[in-house]
Structure formats: structure tokens, C-alpha cells
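Trainee: Attaching a single structure in C-alpha cells format; questions to follow.
Where a number appears in this text, it was derived from the coordinates with a stated rule and is not lab data. Here the structure is a predicted model, which is why all the values come from computation and not from measurement. For neighbour counting, all protein chains shown are included, and Cβ atoms are generated from backbone atoms with ideal geometry for every residue, glycine included.
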Amino acid sequence: MHKLIEKWFQCWNSGEIDDLPIADDFIHTSPFGTIESKHRYMEIVAKNKQDFLGNKLTVIKYICDADQVCVQFEQHNSNTGLQMTVCEWYELEGDYIKSIRSFYNVGNAVIQG
């Protein structure tokens with residue numbers, strides 16, 4: 001697995017989110033919308049810590065082509081009981097993840113921010 005993606009998963013699984021390898025101009029797009037900048041993303045993560053931490057992410061499939069990576073994984077959250085399959089497309093730049101497009105069914109979930 002690409003070292004940046006491996007670190008991304010390690011950070012989420014360990015809860016060490018301050019070490020996420022994301023660029024300052026990071027963009028995250030998901031069913032909740034688009035979040036622009038590392039600062040804004042981390043702000044939303046902090047406001048939703050109870051729901052965002054406590055994850056065990058298990059990779060199912062992985063495709064890598066230079067600076068483009070696609071990962072399908074299972075997410076099990078011990079804090080919320082949420083279980084779902086997620087597919088994410090990562091764009092890498094240097095030592096950072098530049099953007100992520102995340103695909104999953106959110107049901108009636110809501111994030112604060």
C-alpha cells in the first residue's frame with residue numbers, strides 16, 4: 001500500500017488524527033458535501049470526535065496508479081456502532097494527500113460543523 005494511504009489508515013485506526021498526512025489546501029468530498037482546507041477539515045473532525053474516532057478501518061481492495069489511489073474498506077465504529085463499506089479516491093502530491101472523494105451511504109447521519 002502507498003505509504004501516505006497506510007499512514008492515513010493508521011492515524012484513523014489509532015485516533016492520532018493530528019498526524020493525518022493532508023496538504024494545507026486539502027479537499028474532502030463526501031455525501032456530506034465538500035470541505036476545503038486542512039484547517040476546516042480538522043475543525044469539523046474536532047467537532048465530531050465522538051462519531052469520527054473509534055474506527056477500525058479494514059482494507060478490502062486497493063488500486064494504485066502513481067499519485068492516484070482507490071481504496072475500498074470496511075468501517076466499524078465502536079463509539080457509534082456504525083458499520084459500512086466505503087470507497088475513497090485519493091489524489092497524492094509529494095508527501096501529502098491533496099484530495100479525497102469518499103463514497104458511502106450515510107443514511108440519516110448528520111455531522112456538526
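Trainee: Just to check your reading of the model, which residue among ILE27, ILE63 is under 12 Å from the mean Cα position of the chain (by Cα), part of a strand (DSSP E or B) and under 20 Å from LEU92 (Cβ atoms)? Before you say what the answer is, go through the steps one by one.
Mentor: On the way: ILE63 fails: under 12 Å from the mean Cα position of the chain (by Cα).
Every option except ILE27 fails the conditions.
Trainee: Now for a separate question. In segment 30-58, which residue that is among the hydroxyl-bearing types (Ser, Thr, Tyr) and not in a strand (DSSP E or B) is surrounded by the fewest Cβ atoms within 10 Å (Cβ to Cβ)? Let's see the steps before the verdict.
Mentor: First pass over segment 30-58, keeping only residues among the hydroxyl-bearing types (Ser, Thr, Tyr): 30, 34, 37, 41, 58.
Okay, now just the ones that are also not in a strand (DSSP E or B), so 37, 41.
Details: SER37: 15, TYR41: 19.
Only one residue tops the list, namely SER37.
Trainee: Being of a type in the set (A, V, I, L, M) and touching a helix residue (DSSP H, G or I) at 6+ places or on another chain (Cβ under 8 Å) is true for just one of ALA23, ALA46, ALA66. Which residue is that?
Mentor: Values: ALA46 fails: touching a helix residue (DSSP H, G or I) at 6+ places or on another chain (Cβ under 8 Å); ALA66 fails: touching a helix residue (DSSP H, G or I) at 6+ places or on another chain (Cβ under 8 Å).
After applying the criteria, what remains is ALA23.
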